[in-house]
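Readers should treat all values here as calculations from the given coordinates under stated rules, not as data from a laboratory. Treat the numbers as computed from the prediction; the structure is a model and nothing was measured. For neighbour counting, all protein chains shown are included, and Cβ atoms are generated from backbone atoms with ideal geometry for every residue, glycine included.
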Amino acid sequence: MGAVFMTDRGKVRQHNEDSGGVFYNGHGSRLAVVADGMGGHRAGDVASTMAIKQLQEYWERSEQIGTPDEAQKWMMEQVSKINERLYEHSNHHEECKGMGTTLVAVICTDTFCTIGHIGDSRCYILNENGFSQLTEDHSLVNELVRSGQISKEDAEHHPRKNILLRALGTAEQVAVDVKSIEIEQGDFLLLCSDGLSNKVSDEKLKEILLADSSLNEKGERLIHLANELGGEDNITVIIVDFANESG
């Protein structure tokens, strides 16, 4: 299993409010995480950085996780604790009022992955069945698509595309969507902020993941392409390859 993490400010934003990383616990298991912060006066990068650092800390001292049930329980408990920390911080620091962050986190083992997410950062899988999105955006536009009020094509250019219905740290309690999937050798996972998914088509994402190149080269190509297509937002990418040992 190999993994690469990359983040880029993009071509328009003054600051990078995305955060993320790939972390290991004492048993050698990996946790891949992407967070896309929101809030004025750089409060977004406070929220995303706090969430990632806290999750890294919890993961590095976690017990061995051997089953999907254990992984899901761990994910729900830790994300709930982090939500409380962020919410408390925003209430005690005027400059951070209303701050929040998306979160997509994946516990990776050789046989299964457990995905937890809040917001519109995404996790995709590429396997023998093709390329598909594993997460469901917690956004106003996605709800409109789900309820049949607008088409997927309309959603691409909807003026309220950036409105989230759920984020980490904006309320005292938050629901995290958690699921586990089986993994086989040769599968890829792609985690990303909307700075990538809003710019690059599924077909192009798949094409780059399938390319005969290193993980680093794949990550660089994804970020370069999102910037070429406008780069209006921060861009964060994690690729996990369940075949190779290095990037």
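Things worth noting here:
- Separation of the alpha carbons by more than 23 angstrom is noted, of K11/K97; K81/K199; K11/K204; K81/K179, for K11/K97; K81/K199.
- Put simply, the amide H of E136, placed in the peptide plane, has no neighbours under 5 Å, leaving out anything fewer than 5 places away on its chain.
- Helix-derived mean residue ellipticity, 222 nm - over the chain, DSSP H n ≥ 4, -39500 (n - 2.57), to 500: -10000 deg cm²/dmol
- Size of electric dipole in segment 150-212: Cβ of Lys, Arg +1 and of Asp, Glu -1, about Cα centre, debye, nearest 20: 360 debye
- Low-density loop cleavage sites - trypsin sites (Lys or Arg not before Pro) in segment 1-74, where at most 11 other Cβ are within 10 Å (DSSP): R61
- With bins 10 Å wide beginning at 0, the percent of Cα pairs of segment 1-151 falling in each bin runs 10, 36, 35, 17, 2.
- Residue separation of E207 and S132 scaled by 0.36 nm, minus their Cα-Cα distance, works out to 25.7 nm of gained length.
- Sites matching GluC sites (Glu not before Pro) across segment 6-72 that sit in DSSP coil, with at most 16 neighbouring C-beta atoms within 10 Å: E63
- Loop-located trypsin sites (Lys or Arg not before Pro) in segment 120-197, at most 14 other Cβ atoms within 10 Å (DSSP): R160
- In a reduced charge model with +1 at each Lys and Arg Cβ and -1 at each Asp and Glu Cβ, the chain shows a dipole moment near 540 debye about its Cα centre.
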